[in-house]
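These notes concern the structure reproduced below.
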Amino acid sequence: MHCTNRRPLPRNTALRLPASRSPTWVLAETATSAVFSLLSMLVIGRVIGPEATGTGMVAIAAFMLLDVAGATLFTDAVVQHPRLTPQHAGSALIGATLVGCAAALILAAGAPFLASSADAPAVTALALTLAPLLPLSAFSGCASGLVLRQQRFKLLAARVLLGQPLALAVGLGLAAQGYGPWAMIGNQVIATITSFLLMAFLGRFAARPAIDRASLAALWPIAGPQVLAVFVMVGRYRLFLLALGLVTTEAVLAVCHFAFRMLDAALVMVWQATSRIAMPRLCGLQGDDHAQAEAFGDLAQLQALLGMPLAAGIALTAPDLVQALLGPAWYQTAHAAQIVGLSAVVTFIHGDTTSLFVARGKPKRNVTVAAAATIIPLTALAIFQPATPAGVALAWASQALIMPPILTWMVLREVDRPLTWLLARIAPALVATGALAATVIALELTLQLSAMAELLAAAALGASVYGAVAWMMLRGRLPRALSRRAGLVAAE
């Protein structure tokens with residue numbers, strides 16, 4: 001007797017990648033960027049040492065500060081505009097690239113003065129090498145907004161999945177050959193060029209290559225305030241770093257930078273990832289206040305689930321992390337990282353305020369928030385004039401203690417929801433992060449292992465406990481913000 005109920009075997013059993021618009025690509029980009037950004041900083045820094053790292057960071061900080069203007073000028077505006085045309089897109093691309101050219105001239109002209117102020121002659125050549133990258137980065141930034149509007153997360157993720165490993169390989173090669181601060185420059189060059197090539201050849205966005213004044217005028221109500229807000233918010237750390245470099249030694253500057261970057265390498269990627277999902281989704285729900293508020297709550301939950309454990313984990317394991325990856329010469333980095341890490345946990349309470357205010361057509365609020373977040377730590381630095389990395393960390397962390405309650409109040413008024421509604425959304429992250437902290441502290445008090453072994457054990461056990469508790473709090477479901485269907489509804 002022959003069985004007739006057998007199911008045919010699938011012809012193609014190869015692993016299928018997520019769809020191009022799946023938010024999974026955003027998480028993949030976030031994880032990869034966090035890992036390689038941290039590795040690039042720690043591994044290259046260990047090879048070239050604090051002095052060379054401090055010299056390279058002066059040039060990198062100036063480059064990143066000027067890059068904000070062109071790379072972010074029209075990025076959010078082309079996502080938010082309800083009826084974007086090829087004239088809008090083309091005008092934005094050319095306008096952003098021209099701003100990048102102007103920034104390149106400023107960096108080239110200011111390189112000698114920057115080197116003189118930092119008392120590091122090598123900074124001149126480093127800055128001149130970075131200057132030609134600014135127009136390329138400006139084009140890539142605007143193009144990424146056009147790609148983000150289509151929610152093509154796979155292409156956006158490719159910039160990191162391909163560019164970061166290549167950049168790290170080049171940076172390590174230069175460091176191993178004894179090129180000192182040039183290893184950091186090589187890392188930045190490869191990352192910027194890779195992003196530009198991907199956007200230029202695979203972007204496939206409709207754009208008319210000409211500047212139309214009416215199109216720029218239509219984009220400016222969002223682009224103007226938003227680029228100012230982003231410039232201040234992103235540039236605030238660069239300004240803080242440059243100000244710190246003028247009042248302290250290069251070694252202390254490098255230690256403080258590494259402490260902050262240990263945290264920011266992970267957390268900035270969380271903010272960028274959630275913003276990448278939130279911006280097109282919230283803008284797509286303009287006109288439906290209820291749906292927009294619920295989507296914001298889902299996104300606030302996702303941001304807290306990603307950010308809180310990273311901030312707490314880095315703060316708790318900082319001594320072992322520094323000892324294992326950097327060595328005894330960088331021991332002061334751990335104390336500073338613990339301070340900024342613990343203070344950063346509360347910054348994930350209020351959700352992505354930047355995307356919400358842009359979607360609601362109120363980008364000027366982002367300018368106010370960015371200005372306050374810049375003034376607070378600079379004021380603390382000027383008043384207390386800290387002489388140690390831990391004191392500098394306290395000055396930088398002052399913003400994280402003052403701003404979150406104010407932003408939470410602003411958000412709840414905007415979405416017309418009570419505080420209990422927001423707390424219920426982020427409760428899984430709060431409870432799971434508490435369980436993670438208790439687990440890591442208990443492990444460190446119980447076991448006496450080498451720094452690397454204790455770091456690996458804490459990371460593995462802490463992540464397992466966090467994942468289990470968060471999964472139970474979410475009732476065995478993925479966060480709703482990761483639903484591709486929610487993104488498609490917002491895009492319709």
ask   = If you take the Cα Rg of segment 250-482 and divide it by 2.2 N^0.38 Å, with N the number of residues, what do you get?
value = 1.07
note = Computed ³J(HN,Hα) along segment 301-307: with the Karplus parameters 6.51/-1.76/1.60, θ = phi - 60°, integer Hz and x for glycine or proline, the list is 5, 4, 4, 5, 4, 7, x
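Over all pairs of distinct alpha carbons, what does the Kirkwood formula give as the hydrodynamic radius of the chain, in Å? Please list the in-between numbers first.
Details: mean 1/r = 0.0426 Å⁻¹.
Evaluated over the chain, this radius sits at 23.5 Å.
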note = Karplus ³J(HN,Hα) for segment 89-95 (6.51 cos²θ - 1.76 cosθ + 1.60, θ = phi - 60°; Hz, whole; x = Gly/Pro) runs 5, x, 5, 5, 5, 5, x
query = Based on the inverse mean of 1/r over its pairs of different Cα atoms, what is the Kirkwood hydrodynamic radius of segment 23-234, in Å?
reply = 17.8 Å
remark   = Computed over the Cα atoms of segment 354-489, the Rg and Dmax in Å are 19.8, 54
note = Two pseudo-spin positions, 7 Å from Cα along C-beta at A169 and at F201, lie apart in nanometres by 1.6 nm
note = Note to self: Kirkwood Rh of segment 259-308, Cα pairs, one decimal, Å, is 11.7 Å
task = Please give the contour-minus-distance gain from R208 to Q448: 0.36 nm per residue of separation, less the Cα-Cα distance, rounded to one decimal in nm.
result = 80.0 nm
ask   = At V35 and T379, where each label point lies 7 Å from the Cα along Cα→Cβ, what is the point-to-point distance in nanometres?
value = 4.2 nm
Mean Cβ count within 10 Å, highest first, over the residues of peptides 290-302, 463-475, 356-368, 54-66 = 54-66, 290-302, 356-368, 463-475
ask   = Round to a whole number: what % of the accessible area of the chain belongs to carbon and sulfur, probe 1.4 Å?
value = 66 percent
ask   = Separation between the L98 and D289 pseudo-spin-labels, each 7 Å from Cα along Cα→Cβ, expressed in nm?
value = 4.0 nm
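Any chance you could run the full-extension gain for L461 through R477? It's 0.36 nm times the residue separation minus the Cα-Cα distance, nm to one decimal. Working shown, then result.
Details: separation 16, 0.36 × 16 = 5.76 nm, distance 2.15 nm.
Roughly 3.6 nm would be gained on extension.
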ask   = Solvent-accessible area per residue for segment 286-387 at a 1.4 Å probe radius, Å²?
value = 37 Å²
inquiry  = Could you derive backbone 3J(HN,Hα) for segment 175-180 from the dihedral phi with the Karplus parameters 6.51, -1.76 and 1.60 (θ = phi - 60°), listing whole Hz in sequence and x where the residue is Gly or Pro?
reply    = 5, 5, 8, x, 8, x
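The values are calculated or read from the model by the stated rules, or taken from the named source; none is laboratory data. Quick caveat, the model's predicted, so the values are computed rather than measured. As a convention, Cβ positions derive from the backbone with ideal geometry for all residues, glycine included, and neighbour counts pool all protein chains shown. Each accessible area value is taken on the protein alone, full model and side chains, heavy atoms only, with ligands, DNA and RNA left out. Shrake-Rupley method; radii C 1.70, N 1.55, O 1.52, S 1.80 Å.
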